[in-house]
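Okay, structure first, notes after.
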Amino acid sequence: MMNAAWFRFLRSAYRREPIVSFMITIGAVDAVIGGVGDRVSLLTFGMGTVALAIALRWLMLQRRPAEIPTEAPQIYLPPTPSQSQLPNLNIPNKKRPPRS
């Protein structure tokens with residue numbers, strides 16, 4: 001149950017911010033590889049990439065203007081038609097002239 005919720009969260013995060021999510025993924029993979037393989041430079045690079053992605057996301061949130069509430073749309077037509085429906089037209093079967 002928890003795995004499905006976590007998967008949905010990750011998928012929605014990738015759709016909202018694909019660049020930041022990609023940077024976090026790459027940084028996390030580099031940090032794990034550097035930590036497991038005793039490569040301090042790769043671990044540092046991965047952690048720095050994750051930190052940079054988080055800072056980029058924070059800056060993007062700060063620059064986003066506050067949402068202004070939108071007004072209700074104007075309705076030009078009444079909810080129900082004021083006139084009755086028009087009758088169907090009967091078109092007589094006439095032979096069409098030959099096309100030239």
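The values are calculated or read from the model by the stated rules, or taken from the named source; none is laboratory data. Not measured: the values here are computed from a predicted model. Quick reminder, even Gly has a Cβ in these numbers, built from the backbone with ideal geometry, and neighbours come from all protein chains shown. Accessible surface areas use protein heavy atoms only, side chains included; no ligands, DNA or RNA. Shrake-Rupley method; radii C 1.70, N 1.55, O 1.52, S 1.80 Å.
So if R0 is 41 Å, what FRET efficiency would residue 54 and residue 89 give, r being the distance between their Cβ atoms, rounded to the nearest 0.05?
Once the sixth-power term is evaluated, E becomes 0.05.
Quick one: ranking 23, 60, 47 by accessible area, 1.4 Å probe, largest first, what do you get?
Result, largest first: 47, 60, 23.
How large is the accessible surface of residue 7 in square angstrom, using a 1.4 angstrom probe and rounding to the nearest 10?
Only protein atoms counted, so the area is about 120 Å².
When the solvent-accessible surface of protein heavy atoms is calculated with a 1.4 angstrom probe, in what order do 26, 54 fall, highest first?
Largest accessible area first, the residues go 54, 26.
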